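The values are calculated or read from the model by the stated rules, or taken from the named source; none is laboratory data. Because the structure is predicted, anything quoted here is derived from the model rather than measured. FYI the Cβ positions are ideal-geometry reconstructions off the backbone, even for glycines, and counts take in every protein chain you see.
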Amino acid sequence: MHQTLNFPFASQGLIRFPKARHANPGAPILTLFELLTDAIGEQGLKSTAKGNLPRFCREAALVYWGEQRLGIPAESLIKPPHVHA
């Protein structure tokens, strides 16, 4: 403990990092981040009168949570109800 407290950068057993990652991490936030970066792409994700941003949010929720967990049929998520703008 003395070595770790007084010489943290000289302690060999303090932290060890693997040389290579063997598997993709399964953190849920990475799924959402990947969906978002794919949707943004090179052109960006615009909130338009056609509902591009809300459509992305519905599709991301469907992928992330799944139809059964959302409790809403997938068909109702893909096509939003008509809203007058």
- Those helices (runs of 4 or more DSSP H) completely within region 21-85 that have 2 or more residues that are at pLDDT 75 or above and more than 12 Å from the chain's Cα centre (by Cα) are 52-65
- Can you name the condition, by its number, that Asn6 falls short on among (1) surrounded by 10 or more Cβ atoms within 10 Å (Cβ to Cβ); (2) polar (S, T, N, Q); (3) at pLDDT 75 or above? (1)
